[in-house]
Amino acid sequence: MNEKRQNNPRANRPKQGGQKNDNGPLHNVSRGAAIRAQKRSVQDANRKASQYLDAASSNNNEQPRRANVIDDSPRLKIIGLGGMDGGGSKNMLVIEYQNDAIVIDCGNDLGVDLPGINYGIADTTYLDQIKSKLRGFVITHGHLDHMGALPHILPKYGVPVYGSRFTIGRVEEIFSNFGLPMPDGFELKTVAMNEDTHERLKLGEFFIELIRVTHSIPGSTMVVVDTPVGRLINTGDFRLDPNPLDHERTDIPRIEELAKEGVLALLSESTTTERPGRTPSESTIEQSFIDIMEHAPGRIFVGLFSTNMNRVQMIVNAAVHHNKKVAMDGRSMVSTLEMAVRNGFVKVPKGTFVPIASAASLKDEDVVVVCTGSQGEPNSALVRMSMGDHKFVHLKEQDTVILSSTPIPYTGNDALIRAMVDDLLRKGVHVHRHETYVVDNGGPLHVSGHGSIEEYRDMIKMVKPKFFVPIYGDFTAKKYHMDIALQEGIPRTNIANVENGQVINLTNDKLVVEGEVPHGTVLVDQTGAIVSSVVVKDRVLLAEEGLVAVVLTIDKKTGALLTSPDIISRGFIYMKDNEELMNAFRGELRRAVIQRFKRVDLDRFKAELKDYVTHFLYEQTQRSPIVIPVVNVIGGRTEKQPLDAAGQPTEKTLAQKSPEEIALEQQRRFAAMRQRLLNQDARLD
Ligand SMILES: [Zn+2]
């Protein structure tokens with residue numbers, strides 16, 4: 001989401017570098033306009049970064065109708081700490097009753113588009129508040145948006161993770177691949193539940209059970225939670241595939257059985273509630289791979305989502321059918337495949353797999369490579385192969401590339417995919433995409449892992465819940481889902497479209513949305529470390545406007561500049577190309593020192609200097625970089641030292657200080673300066 005300012009001061013910007021008109025420098029910009037322009041830049045940066053504030057920064061602690069933490073009334077509480085916005089990312093639901101609570105799903109948000117940020121996770125301030133009630137995390141399936149935040153969040157609570165066998169395999173996989181060490185004493189406790197035998201486990205006052213559903217990763221389940229108030233069902237992600245490749249259909253008989261006993265509330269995922277009809281079965285695309293392999297003149301490369309193991313199985317089957325070897329590439333895919341093969345979820349005849357390193361030595365017509373990169377992700381295996389950056393494999397004329405996915409909506413991935421396809425076609429590679437399968441003379445190459453409207457409807461019809469809460473989607477997707485529930489006869493008063501943090505209070509005859517708990521987003525960088533939103537704001541501002549530091553060294557006694565003003569510019573303008581502007585700038589700085597330094601105190605002088613510089617640069621370039629004034633004042637040792645009660649100088653003079661003390665002081669000064677910089681939006685008013 002790129003929010004663009006409405007009155008872009010750069011729209012009619014002259015060429016960078018202080019161009020002058022016939023009347024000399026552009027002095028037609030008011031000081032107020034310059035300050036306003038800078039304020040806008042700061043606001044833009046704030047807005048961009050503020051889409052992802054943590055609970056403390058978003059102030060929702062101070063909201064008046066805050067939910068009571070030590071609420072032990074006989075009410076069931078359902079709270080989405082994540083997953084109730086942003087297309088269903090960082091999914092995380094809390095189910096709480098008196099002294100017990102469980103968390104369903106614990107995902108991350110890979111769609112965060114901020115400099116240096118890898119993903120977002122849910123703020124868990126609320127979980128800290130109810131820590132003693134937590135009995136476990138139950139994970140519906142092994143996609144990252146449902147479990148990717150566990151390595152960050154789980155160690156704080158030390159409770160077990162429950163899920164199907166494949167899901168638990170995924171949990172162990174992400175913990176072993178996590179970049180940062182776990183805290184001392186933390187031990188990952190997992191409980192693999194059997195979804196086929198309808199195994200039930202007691203977690204505090206709750207009983208949980210998993211029910212098999214079809215989705216795009218093995219071991220996907222719904223979670224049944226029997227509570228003292230009634231039965232809840234969280235669908236997880238699902239479609240109702242009548243003919244899945246692994247013959248593991250959604251366990252409809254069990255759903256109907258539970259429905260007969262009565263279901264208080266259905267919490268149903270809302271990813272694709274705007275898509276009419278039904279999602280085609282996975283089996284409808286099987287023949288397409290067999291056909292393409294039949295006719296491809298050379299090597300075949302298939303790009304997929306790294307966890308789509310059923311699709312991998314489909315391609316392995318097609319390759320075996322044509323007597324070809326299969327190589328895998330992409331770290332995440334290889335890691336998941338190893339786990340899936342180990343646990344019997346993917347079955348590969350002996351001798352079918354070959355290492356990617358030896359793929360180049362096989363005959364072209366014998367090679368199928370399954371890899372990551374179907375979304376055109378930079379650094380993915382397929383993109384590196386297409387750009388000639390791959391260690392073992394470079395794509396060439398007569399190779400065939402099959403993209404077996406569609407662009408993830410709202411991500412900008414379609415542009416990345418397009419650029420990759422450009423590269424491939426330029427090289428003479430045959431490209432097959434799902435979107436163009438008709439003109440490519442092939443069959444369909446992808447089906448969604450999520451249902452369409454009629455499947456969402458079927459779920460409601462099967463479960464027959466008293467109350468309905470759409471989850472895992474943004475407001476719009478949940479709204480469409482609500483409409484389906486209304487059509488199926490669920491009264492409006494029994495349906496709620498809630499946002500993250502809002503508390504649903506449920507009794508057996510009433511649903512009330514009441515109060516809000518702390519919630520928000522915590523940002524994580526490539527190393528797995530948490531990044532403060534203050535830092536992110538700075539990065540956005542720097543990226544948009546650049547930075548100018550002016551360093552002035554002034555004689556305390558005379559108030560004169562001791563050296564020529566030093567100007568450091570980064571990401572603003574290239575100083576060597578703008579000598580005229582820089583000379584004028586230095587002149588302005590000299591004048592500012594002469595006119596103001598002796599008249600005001602140092603802090604005031606710096607503040608004025610910052611405004612002055614901001615104004616000057618805006619006037620000349622119509623841009624508002626971050627301005628950092630650094631003023632070194634030299635001399636003044638003759639000044640009388642303030643004395644403490646014992647008659648000793650309270651502050652050492654410069655000569656008495658060790659180099660370490662001087663450095664420390666400098667550090668403090670820089671910290672103070674930084675603080676002022678961060679507060680600049682407040683100071684501009
Ligand atoms: Zn999923």
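Round to a whole number: what % of the accessible area of the range 109-187 belongs to carbon and sulfur, probe 1.4 Å?
Using a 1.4 Å probe with all protein chains present, the range 109-187 comes out at 47 percent carbon and sulfur.
How large is the accessible surface per residue of the range 380-438, computed with a 1.4 Å probe and reported in Å² as a whole number? Don't jump to the answer; show the numbers that get you there.
On the way: 3070 Å² over 59 residues.
With all protein chains present, the range 380-438 gives 52 Å² per residue.
For n ≥ 4 DSSP H runs only, could you compute -39500 (n - 2.57) per run for the chain, divide by its residues and tell me the 222 nm figure to the nearest 500?
-9500 deg cm²/dmol
By the gyration tensor of its Cα atoms, with a ≥ b ≥ c the square roots of the eigenvalues, what is the shape of the range 274-393: rounded for a/c under 1.5, prolate for a/b over b/c, or oblate? Write down the numbers at each step before the final one.
Values: a/c = 1.36, a/b = 1.23, b/c = 1.10.
Rounded.
Residues of the range 237-313: accessible area per residue at 1.4 Å, in Å²?
39 Å²
Specify the angular offset, from 0 to 90 degrees and rounded to the nearest 10, of the alpha carbon long axis of helix 31-50 from the longest principal axis of the alpha carbons in the chain.
Tilt of helix 31-50: around 30 degrees.
Apply 1/(1 + (r/R0)^6) to the Cβ-Cβ distance of residue 165 and residue 39, taking R0 = 41 Å, and write down the FRET efficiency to the nearest 0.05. Write out the running numbers ahead of the final one.
Numbers: r = 56 Å, r/R0 = 1.36.
Computed FRET efficiency for residue 165 and residue 39 comes out at 0.15.
I need the phi-derived Karplus couplings for the range 370-387: 6.51 cos²θ - 1.76 cosθ + 1.60, θ = phi - 60°, integer Hz, Gly and Pro marked x.
Using θ = phi - 60°, the values come out as 9, 8, 7, x, 5, 9, x, 4, x, 6, 6, 4, 5, 5, 5, 5, 6, 9 Hz.
With each label point set 7 Å from Cα along the Cα-Cβ vector, what nm distance links residue 51 and residue 415?
That separation, rounded to one decimal, is 1.3 nm.
Would you mind telling me the share, in percent, of accessible area of the range 552-604 contributed by carbon and sulfur at probe 1.4 angstrom?
Values: 1590 of 3390 Å².
It is 47 percent, rounded to a whole number.
In what order, largest first, do 278, 669 sit by accessible area if the probe radius is 1.4 Å?
Solvent-accessible surface, decreasing: 278, 669.
What is the distance in Å between the Cα centroid of the range 517-539 and that of the range 246-323?
35 Å
Of 537/576; 90/156; 576/598, which sit over 22 Å apart, Cα to Cα?
537/576; 576/598
Find the accessible area per residue for the range 78-151; the probe is 1.4 Å, ligands and nucleic acids are left out, and the unit is Å².
On the way: 1590 Å² over 74 residues.
Solvent-accessible surface per residue comes out at 22 Å².
Give the peptides 178-188, 423-433 in descending order of average Cβ contacts within 10 Å, highest first. Can you show the working numbers first?
Numbers: 178-188: 10.5, 423-433: 17.1.
The densest-packed peptide leads the list: 423-433, 178-188.
Please find the FRET efficiency linking residue 599 to residue 579, where r is the Cβ-Cβ separation and R0 is fixed at 35 Å, and quote it to the nearest 0.05.
Using R0 = 35 Å, I get an efficiency of 0.65.
With a 10 Å radius around each residue's Cβ, average the other Cβ atoms per peptide and rank 594-604, 439-449, highest first.
439-449, 594-604
Quick one: what are the phi-derived ³J(HN,Hα) couplings along the range 257-272, Karplus 6.51/-1.76/1.60 with θ = phi - 60°, whole Hz, x for glycine and proline?
Each residue of the range 257-272 in turn: 4, 5, 4, 4, 6, x, 10, 5, 9, 9, 9, 10, 5, 10, 4, 10 Hz.
Ranked from the most accessible area to the least, with a 1.4 Å probe and all protein chains present, what is the order of 384, 249?
249, 384
What nm value, rounded to one decimal, do you get for the distance between residue 427 and residue 563 when each label is placed 7 Å out toward the C-beta?
Distance between the two pseudo-spin positions: 5.2 nm.
Whole-Hz ³J(HN,Hα) for each residue in the range 506-519, computed from phi via Karplus 6.51 cos²θ - 1.76 cosθ + 1.60 with θ = phi - 60°, x for glycine and proline: what do you get?
Here the 3J(HN,Hα) series is 10, 10, 6, 10, 8, 10, 10, 8, 8, x, 8, 10, x, 7 Hz.
On a 19 Å Cα-Cα criterion, which of the cross-link pairs 347/391; 325/347; 77/131; 48/610 come out too long?
347/391; 48/610
For the chain, with only Lys/Arg (+1) and Asp/Glu (-1) charged at the beta-carbon, what is the dipole magnitude about the Cα centre, in debye rounded to 20?
The dipole of the chain has a size of about 2540 debye.
Using only alpha carbon pairs under 8 Å that are at least six residues apart, calculate the relative contact order of the range 438-550 and give it in whole percent.
15 percent.
Quick one: compute a quarter of the convex hull surface over the Cα atoms of the chain and quote it in nm².
Spelled out: convex hull of the Cα atoms, projected over all directions, averaged, 39.2 nm².
I'd like to know which of 401, 462, 472 lies farthest towards the positive end of the charge dipole of the range 400-474, counting +1 on Cβ of Lys and Arg and -1 on Cβ of Asp and Glu.
Most positive-ward Cα: 462.
Taking the mean number of other Cβ atoms within 10 Å as a proxy for protection, how do you rank 205-217, 609-621 from highest to lowest?
Values: 205-217: 23.8, 609-621: 21.8.
Taking the mean over residues of other Cβ atoms within 10 Å, the ranking is 205-217, 609-621.
The values are calculated or read from the model by the stated rules, or taken from the named source; none is laboratory data. All values derive from a computational prediction rather than experimental measurement. As a convention, Cβ positions derive from the backbone with ideal geometry for all residues, glycine included, and neighbour counts pool all protein chains shown. Please note that ligands, DNA and RNA were not included when accessible areas were found on the heavy atoms of the full protein model with its side chains. Shrake-Rupley method; radii C 1.70, N 1.55, O 1.52, S 1.80 Å.
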